[in-house]
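Below is one structure, written out as structure tokens; comments come after it.
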Amino acid sequence: MTQRSIIVVGAGAGGLVAAGRAAELGAHVLVLEKMGEAGKKILVSGKERCNLTNTAPLDQFLRYYGRNGQFLRNAYQRFFREELLALLTRLGVETQVERGGRVFPTSGRAVDVRDALLRYATGGRADIRYHAAVQTLAVREGAMAGVTLVNGDFLGADAVILATGGASWPDTGSTGDGFRMAQEVGHTIVPLRPALVPLTVKERGLAKILQGVSLRNVTCAFYVSKEGSKEKVLPMPYPLPPTGEMLFTHFGVSGPLILTAALGVVDALRAGQRVTLSIDLKPGMTVEEVRSRLQREFEEYAHRQLPTLLRGWLPQTLAEALAGLSGVASERPVHTLRAAEREGLVRLLKDFRWEITGALPLAAAMVTAGGVALKEVDPVSFASRKVAGLYLVGETLDLAADTGGFNLQAAFTGGYLAGQHAAGG
Ligand SMILES: Cc1cc2nc3c(=O)[nH]c(=O)nc-3n(C[C@H](O)[C@H](O)[C@H](O)COP(=O)(O)OP(=O)(O)OC[C@H]3O[C@@H](n4cnc5c(N)ncnc54)[C@H](O)[C@@H]3O)c2cc1C
């Protein structure tokens with residue numbers, strides 16, 4: 001059999017694994033990377049510690065990709081976490097499991113994962129060319145013929161694996177080129193949206209006052225409504241834990257609960273809905289329990305002022321802000337509060353409302369939602385159903401998952417199977 005020649009576009013998470021797998025199966029592999037080094041996004045992943053997968057069982061794992069998760073079922077039956085961890089062990093990377101089933105390299109260094117995958121690619125004799133930005137995919141008679149670089153050079157190949165990533169964090173090299181290139185050869189691109197992204201609020205002044213305040217053990221719920229209609233609970237893109245962490249920023253809200261919910265919010269706003277965030281600051285207590293504890297404390301500490309009393313409930317800045325929002329003059333002792341004022345406080349503690357106006361741009365998002373339509377890609381080989389010899393992996397696809405190691409696992413799995421099939425394995 002003649003040796004297959006494969007070009008991998010992008011030396012990121014998916015591209016390095018694709019190159020390694022194709023090369024170990026004997027293909028002649030050339031990786032083209034536009035940056036000066038490989039895997040810049042791997043280096044920043046998991047706060048530079050690289051959360052590379054998760055221990056959740058398969059069915060649960062798939063839920064973290066939202067409605068597109070089922071696309072990965074077949075692939076994960078072939079190359080999943082165990083296979084990934086075995087590969088990394090073979091390459092000298094030991095891993096450990098942390099909170100929430102998140103798997104990290106034991107060294108705590110993302111660079112060790114990047115270097116190991118680079119060894120996998122180059123040890124399998126893939127060549128890597130840096131500062132080599134691909135401009136277009138070359139198709140002849142419905143099949144891949146190679147690629148053209150930005151400098152005009154044409155490089156021929158039997159197969160091309162497009163692993164150019166998304167359009168977030170462009171400084172890492174992923175500037176969305178793959179979406180344009182795939183579209184040019186006939187693929188549909190599902191609109192790109194930021195996912196795992198902080199949200200902006202209408203109440204900017206209040207957000208500025210609260211910026212830096214981080215809350216643990218709170219519940220966040222999002223409500224949507226259209227002009228004049230009754231509000232409904234916004235379904236979440238990924239499973240949202242019952243309680244968790246969030247924080248205020250100068251423009252709005254961020255932190256784990258917010259990032260997980262963000263894609264749902266972005267999509268609702270795009271659909272013209274009004275979105276409000278309700279924070280339950282005391283999810284461990286019912287409304288009635290909050291009401292009676294407040295009542296008790298108003299009697300016990302009758303001469304305290306409200307901001308002082310609320311400091312027993314909340315971080316100081318938030319206590320002061322909530323006291324201000326309640327409209328109760330700060331010099332009034334709490335025993336003077338009327339029933340309606342007490343009810344207002346109960347509402348602020350259990351249903352602290354914010355109007356969401358938008359999200360930070362795609363460049364600031366952790367992942368890009370949208371991309372090459374999944375129905376145009378074979379879920380076992382990651383081969384294009386539009387162009388013979390083209391494979392699409394990683395964030396180039398219409399796949400975006402929650403935090404927890406799911407995005408990298410999808411890129412690694414896609415890369416491995418695309419590399420294998422492109423090499424004819
Ligand atoms: C701050 C941050 C933290 C993250 N942390 C985690 C985490 O802990 N766990 C997790 O699972 N996910 C995490 N992610 C997401 C994860 O890193 C990505 O989903 C994953 O890297 C996508 O892999 P990929 O191979 O598709 O693309 P990438 O890893 O982005 O690689 C794409 C490569 O293609 C190159 N390229 C692009 N265009 C061209 C071109 N025209 N020619 C040649 N080369 C090109 C780029 O330079 C880049 O090297 C994080 C993302 C960010 C931004």
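The values are calculated or read from the model by the stated rules, or taken from the named source; none is laboratory data. The shown structure was predicted, so the numbers you read here are calculated from the model rather than taken from an experiment. Glycine also receives a Cβ, built like all others from the backbone with ideal geometry; neighbour counts cover every protein chain displayed. Just the protein is used for accessible areas: all its heavy atoms, side chains included, with ligands, DNA and RNA removed. Shrake-Rupley method; radii C 1.70, N 1.55, O 1.52, S 1.80 Å.
Gap in Å between the Cα centre of segment 399-418 and the Cα centre of segment 81-134?
13 Å
Rounded to the nearest percent, how much of the accessible area of segment 198-359 (1.4 Å probe, protein heavy atoms only) is carbon and sulfur?
Roughly 51 percent of what the probe reaches on segment 198-359 is carbon or sulfur.
Using only the Cα atoms of the chain, build the gyration tensor, take square roots of its eigenvalues as a ≥ b ≥ c, and label the shape rounded, prolate or oblate: rounded if a/c is under 1.5, else prolate if a/b is larger than b/c, else oblate.
Cα axes put the chain in the prolate bin.
Can you work out ³J(HN,Hα) from phi for every residue in segment 126-133, in order, using Karplus 6.51 cos²θ - 1.76 cosθ + 1.60 and θ = phi - 60°, giving whole Hz and x for Gly and Pro?
Working through the residues one at a time gives 6, 8, 10, 10, 8, 6, 10, 8 Hz.
Taking θ as phi - 60°, what are the ³J(HN,Hα) couplings along segment 191-206 by the Karplus curve (6.51, -1.76, 1.60), each to the nearest whole Hz, with x for Gly and Pro?
Along segment 191-206, the couplings run x, 7, 9, x, 10, 6, 9, x, 10, 9, 10, 6, 7, 4, x, 5 Hz.
Using only the alpha-carbon atoms, how far is helix 406-422 inclined from the longest principal axis of the chain? Give it as 0 to 90 degrees, nearest 10.
Here the helix axis deviates by roughly 10 degrees.
If I model a spin label at Glu288 and His335 as a point 7 Å from the Cα along the Cα→Cβ vector, what separation in nanometres do I get?
My value for the distance between the label points is 2.8 nm.
Before I look further, what does the chain give for accessible area per residue, probe 1.4 Å, in whole square angstrom?
Ligands and nucleic acids excluded, the figure is 42 Å² per residue.
Can you tell me, using C-alpha contacts under 8 Å and at least 6 residues apart, the relative contact order of the chain as a whole percent?
So the answer I get is 25 percent.
Test of understanding: what is the full-extension gain from Lys232 to Glu37, defined as 0.36 nm times their sequence separation minus their Cα-Cα distance?
Full-extension gain reported as 65.5 nm.
Using θ = phi - 60° and the Karplus form 6.51 cos²θ - 1.76 cosθ + 1.60, what ³J(HN,Hα) does each residue of segment 155-167 get, whole Hz, x for Gly and Pro?
10, x, 7, 6, 9, 10, 9, 8, 10, 8, x, x, 10
Looking at the chain, send over the antiparallel percent of its DSSP beta bridges, to the nearest 5.
75 percent
For segment 198-359, calculate the relative contact order in percent as a whole number, restricting contacts to Cα pairs under 8 Å that are 6 or more residues apart.
Worked out over segment 198-359, it gives 31 percent.
Order of 99-105, 312-318 by packing, highest average Cβ count within 10 Å first?
Top of the packing list down: 99-105, 312-318.
For segment 83-205, what class follows from the C-alpha gyration tensor (a ≥ b ≥ c being the square roots of its eigenvalues): rounded when a/c is under 1.5, otherwise prolate if a/b is larger than b/c, else oblate?
Oblate shape, in that a/c is at least 1.5 and b/c is the bigger or equal ratio.
Of Lys34/Lys375; Lys208/Lys232; Lys47/Lys350; Lys47/Lys386, which sit over 30 Å apart, Cα to Cα?
Violating the 30 Å Cα-Cα cut-off are Lys47/Lys350; Lys47/Lys386.
Between Tyr301 and Arg99, what's the calculated FRET efficiency when r is the beta-carbon distance and R0 is 25 Å? Round to 0.05.
0.10
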